Amino acid sequence: LLAELVVRACDELAARRRRAGTMSFDDILRGLHRVLSAGGNEGAIDALRKRYRVALIDEFQDTDEVQWDIFHTLFGGGGLDDTLLVLVGDPKQAIYSFRGADIHTYVDAVAAGSGIRRGTLATNWRSAGRLIEALAVLFGGGTFGDPSIAFSRVATADEHADTAIVSRDDP
């Protein structure tokens with residue numbers, strides 16, 4: 001009964017949006033995904049590739065499956081020498097599904113094929129050195145939601161090397 005209520009509510013919401021001539025962000029994404037996924041739409045794909053040669057997605061760890069499929073279709077397929085897809089994200093944050101992150105989408109994107117170059121920031125420029133060392137002990141050898149997302153030890157910036165988080169009362 002509850003599932004039927006949810007389906008009917010979603011259908012009613014979609015009908016109201018159509019009557020009002022409005023769309024949500026998700027409506028736009030799903031519509032574009034349908035167009036790009038349908039056969040015979042190579043013209044639309046080619047037009048978007050010609051107009052946008054580079055796509056940069058910051059905070060990629062918050063990308064869902066529909067968004068990834070759109071960008072991979074447009075910019076990430078094999079043999080696309082004239083386009084570039086840049087993904088910037090922290091895989092450890094891909095476990096936070098409450099904000100739209102999808103760990104499986106992140107893992108799929110990283111494994112999407114040849115031509116992918118992967119880089120990692122090797123220095124933490126903000127955190128206290130002793131905290132970085134403590135986290136390395138705590139998380140060393142661990143993974144985050146998937147075996148392919150392993151903890152990576154990082155260096156501490158010189159200006160924070162000897163700093164620690166302290167309490168005023170009990171260092």
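Residues in region 124-138 carry Karplus couplings, in order, of 8, 8, 10, 8, 5, x, 5, 5, 4, 5, 5, 5, 5, 5, 5 Hz; the curve used is 6.51 cos²θ - 1.76 cosθ + 1.60 with θ = phi - 60°, and Gly or Pro positions show x. Which label belongs to the value computed from this structure, given these candidates for mean projected area of the Cα convex hull in nm²: [x] 16.7; [y] 11.0; [z] 11.8? Recomputing mean projected area of the Cα convex hull in nm² here gives the entry labelled [x]. Can you give the net charge of the other residues whose Cβ lies under 14 Å from the Cβ of Gly43, counting K and R as +1 and D and E as -1? The answer is +1. For Leu85, the residues whose amide H sits under 5 Å from its own are Ala55, ignoring neighbours fewer than 5 places away on the same chain, with H placed 1.01 Å from N. Ignoring everything but the protein chains, give the 1.4 Å probe accessible area of Ile103 in square angstrom, nearest 10. Spelled out: Ile103, probe radius 1.4 Å, area about 20 Å². The GNM of the chain, with springs linking C-alpha atoms under 10 angstrom apart, assigns the highest mean-square fluctuation among Gly145, Gly21, Gly119 to Gly21.
The string of couplings for region 152-158 from the Karplus curve (6.51, -1.76, 1.60, θ = phi - 60°) is 10, 6, 10, 7, 9, 4, 3 Hz, one whole number per residue in order, with x for Gly and Pro. When the chain is treated as a GNM with alpha-carbon contacts under 10 Å, the residue of Arg51, Arg16, Arg34 showing the greatest mean-square fluctuation is Arg16.
Once the Cα-Cα distance is subtracted from the 0.36 nm per residue extended length, the Thr163 to Ala134 segment shows a gain of 9.2 nm.
The values are calculated or read from the model by the stated rules, or taken from the named source; none is laboratory data. Here the structure is a predicted model, which means the values were calculated and not measured. Neighbour counts run over all protein chains shown; Cβ positions are idealised from the backbone, glycine included. Side chains included, ligands, DNA and RNA excluded: accessible areas come from the protein's heavy atoms. Shrake-Rupley method; radii C 1.70, N 1.55, O 1.52, S 1.80 Å.
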